[in-house]
1. Does the range 209-234 hold any residues that are under 22 Å from the mean Cα position of the chain (by Cα), open to solvent by 60 Å² or more (accessible area, probe 1.4 Å) and closer than 16 Å to LEU100 by Cα, and which are they?
2. Being of a type in the set (Asp, Glu), modelled with pLDDT of 90 or more and more than 18 Å from GLY105 (Cα to Cα) narrows it down to one of GLU205, GLU200, GLU236, GLU183, so name that one.
3. Taking the options ASN141, ASN159, name whichever one is at pLDDT 90 or above and either within 22 Å of LYS258 (Cβ to Cβ) or part of a helix (DSSP H, G or I) (or both).
4. Pull out all pairs, ordered by first then second residue, where Cβ-Cβ is under 9 Å, the residues are six or more apart or on different chains, the first lies in the range 182-195 and is on the phi < 0 side of the Ramachandran plot, and the second is in a helix (DSSP H, G or I) and open to solvent by 50 Å² or more (accessible area, probe 1.4 Å).
5. Restricting to the range 166-198, count the residues that are surrounded by fewer than 15 Cβ atoms within 10 Å (Cβ to Cβ), touching a helix residue (DSSP H, G or I) at 6+ places or on another chain (Cβ under 7 Å) and aliphatic (A, V, I, L, M).
6. Go through the range 163-206 and give me each residue that's closer than 30 Å to PRO262 by Cβ and polar (S, T, N, Q).
7. Given the criterion surrounded by fewer than 17 Cβ atoms within 10 Å (Cβ to Cβ) and under 21 Å from ALA253 (Cβ atoms), identify the matching residue among GLY108, GLY161.
8. Between a residue in the range 105-125 that is assigned to a loop (DSSP other than H, G, I, E, B) and any residue that is modelled with pLDDT under 55 and small (Gly, Ala, Ser), which pairs come within a Cβ distance under 7 Å, given they are 6 or more apart or on different chains?
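The values are calculated or read from the model by the stated rules, or taken from the named source; none is laboratory data. In this text, all values refer to a predicted model and were calculated from it rather than measured experimentally. A quick note on method: Cβ atoms are made from the backbone with ideal geometry, for glycine too, and the neighbour counts reach across all protein chains shown. These accessible areas exclude ligands, DNA and RNA; they are computed on the full protein's heavy atoms, side chains included. Shrake-Rupley method; radii C 1.70, N 1.55, O 1.52, S 1.80 Å.
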Amino acid sequence: GILVVCILITCLITEAVVSTQSTGEHDDLIKAAVKYFPQDTTTGKYEADRAVYTGGHCYRFDDEAPPTIGPQELPTLTHVSIGFQSGSHQDDDYVKHCVLNTLMGGGGSFSAGGPGKGMYTRLYLQVLNRYHWMYSALALNHPYQDTGLFTINASCHPNNGWDLVQVLIKQFKEMSRNINHSELERAKTQLKSTLLMNLEYRNIEMEDIGRQVLASGHRKTPAELCAMIESVTPQELQRVVERMLESRPSVGAFGDLKSVPPFEEIEAAFKRDDGLLTNRITNFLLRGARGKSGIIKN
């Protein structure tokens, strides 16, 4: 309770509040804002340290089966996420990262529904439809105020952890080498469609206005955003990916990690032109020096 009160006092100050409305009189909104958010506040201004991307890894071993929510037990899986530094939501390449995220797409190994499910995204065509042991593969872009993180998250059977990491490395490498016109146009169309359909809802429209004003002080209209999306070229996406791959990788792993390669091997593979991990036999020979989690003990 005390922590929540401290956060409210520190963060919910007049300078950090944006009031939005989609209908009604503008003067009424001003009167309500002045009434409930007075300008003379006694709270101090909240100042946060600038976030700096560092990369690194976090492995958490857990081979226990997940809780059963039905008549059939859920499988014990290996979950791996590999990411690189992208850009903040104010970065000049922010829209390009969004297009890249849509182009990679992904999801679960089983997906039902009609058009717009992203079944022609790269992670579906080149990963989920190709490797039967892959349970999920999903690209995500996380933009923050100071920096960002572009990741591919995937899950598989514990025996295929090594192969999963190799597939993810290959996908990152292929991003910077081969982006064809048809898949780019499909990704741009899908992203514009998602944007416009979401903004049909009043609550999402008001949230979009508030977030943009808080982040940048003004709002880009849907037409402006669509024009920015449409202007993205394959060469620009390749440049964005090359910039990402210059940063140190971030690797997170959870579950049964008996076949997941160590972070040092993953980092070294990204530095090679072919992106190949070293012979997995070497990893198994080192297994004697490793604990149950597959991480070499100090």
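1. Matches in the range 209-234: MET228, GLU230.
2. Checking each option against the conditions leaves just GLU236.
3. Residue meeting the stated conditions: ASN159.
4. GLU183/LEU125; LYS188/GLU230; LYS192/GLU230
5. The total comes to 1.
6. Within the range 163-206, GLN166, GLN171, SER176, ASN178 meet the criteria.
7. Checking each option against the conditions leaves just GLY108.
8. From residues that are assigned to a loop (DSSP other than H, G, I, E, B), the pairs are LYS117/SER111; MET119/SER111.
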